[in-house]
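Here's the structure we're looking at; comments come further down.
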There are 2 protein chains.
Amino acid sequence: MSAGKFAATPEPPYYAVIFSSLRHGADAGYGGTAERMMELAAQQPGYLGVESVRGQDGFGITVSYWRDEESIRNWKRDAEHAEARRRGRTEWYEHFELRVARVERAYAGPRTEREAGAA
Amino acid sequence: MSAGKFAATPEPPYYAVIFSSLRHGADAGYGGTAERMMELAAQQPGYLGVESVRGQDGFGITVSYWRDEESIRNWKRDAEHAEARRRGRTEWYEHFELRVARVERAYAGPRTEREAGAA
């Protein structure tokens, strides 16, 4: 059950695109497009996985993981993705913040502090 | 309304701690401690902000932002935070992934692609 929610990323370094957004109330085609974008992103070279959650108040965080910056740039250039972003800006999002970050270290749990070592 | 959900981060570079977690069902003191940790983190030197959301299925993402790695290390050494992490591992989380990343570029929206430029 947890397997589908967590991204199975490799050892760092790799990249993360942190997308925080507050949606307007109405769906206006959002659900279908969001699903399609998840599907399409997963087919891109350099895609490593995604983690996503949205609360009932409309605030959500989606983090997608990528091998390198080139993979992120290529995905940004995808025409269908560009159109979805345009609709996001004009129809779906009241506000969003997008941050591109280089993941430098990572660990998973629960493990005890001793097991986790200095990670 | 959106102001309280988004972290008002400065120009990059800065750091992000991406914490994805799946909680067990029962609260077992989680709510109070989570709130206290948010409050305590905000008092740490180098703290820049936090964004957090948890879905009804127990999966959540919390991203905290920090000036530098030293700030993250100092926060990790805080005794009350260490105790909360111990309880997280033993009582609250079925699984978690923690990733430390350096934010290299960022932009906010909605703005049109033209306004956003090459960001």
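The values are calculated or read from the model by the stated rules, or taken from the named source; none is laboratory data. Everything numeric in this text was worked out from a predicted model, so none of it was measured. Every residue, glycine among them, receives a Cβ derived from its backbone with ideal geometry; neighbour counts consider all protein chains shown. The protein model used for the area step is the full one, side chains on, heavy atoms only, and it has no ligands, DNA or RNA in it. Shrake-Rupley method; radii C 1.70, N 1.55, O 1.52, S 1.80 Å.
Of all residues being more than 24 Å from A:Gly58 (Cβ to Cβ) and open to solvent by 20 Å² or more (accessible area, probe 1.4 Å) in segment B:40-68, which is nearest to the chain's Cα centre (by Cα)? Just the residue, please.
B:Tyr47
Looking only at segment A:69-98, filter to residues that are facing chain B (nearest Cβ under 9 Å) and among the aliphatic types (A, V, I, L, M); which one of those is surrounded by the fewest Cβ atoms within 10 Å (Cβ to Cβ)?
So, considering only residues that are facing chain B (nearest Cβ under 9 Å) and among the aliphatic types (A, V, I, L, M), the one surrounded by the fewest Cβ atoms within 10 Å (Cβ to Cβ) is A:Ala82.
Being open to solvent by 50 Å² or more (accessible area, probe 1.4 Å), under 20 Å from B:Val53 (Cα atoms) and touching a residue at least 12 places away in the same chain (Cβ under 8 Å) is the filter here, so list the residues in segment A:1-36 that pass it.
Across segment A:1-36, the qualifying residues are A:Lys5, A:His24, A:Gly25.
Would you confirm whether or not segment B:105-115 contains a residue that is of a type in the set (A, V, I, L, M, F, W, C), open to solvent by less than 20 Å² (accessible area, probe 1.4 Å) and touching a Lys or Arg at 6+ places or on another chain (Cβ under 6 Å)?
The answer is no; no qualifying residue exists.
Condition first: more than 14 Å from chain A (Cβ to nearest Cβ) and of a type in the set (Phe, Trp, Tyr). Now tell me which residues in segment B:21-56 satisfy that.
If the condition is that a residue be more than 14 Å from chain A (Cβ to nearest Cβ) and of a type in the set (Phe, Trp, Tyr), then B:Tyr47 is the only one that fits.
Report those helices (runs of 4 or more DSSP H) wholly inside segment B:21-119 carrying at least 3 residues which are of a type in the set (Lys, Arg) and farther than 30 Å from A:Arg77 by Cβ.
Correct list: B:69-77, B:79-87.
Please enumerate the residues belonging to segment A:4-20 that are assigned to a loop (DSSP other than H, G, I, E, B), of a type in the set (A, V, I, L, M, F, W, C) and at the interface with chain B (Cβ under 9 Å from one of its Cβ atoms).
Within segment A:4-20, A:Phe6, A:Ala7 qualify.
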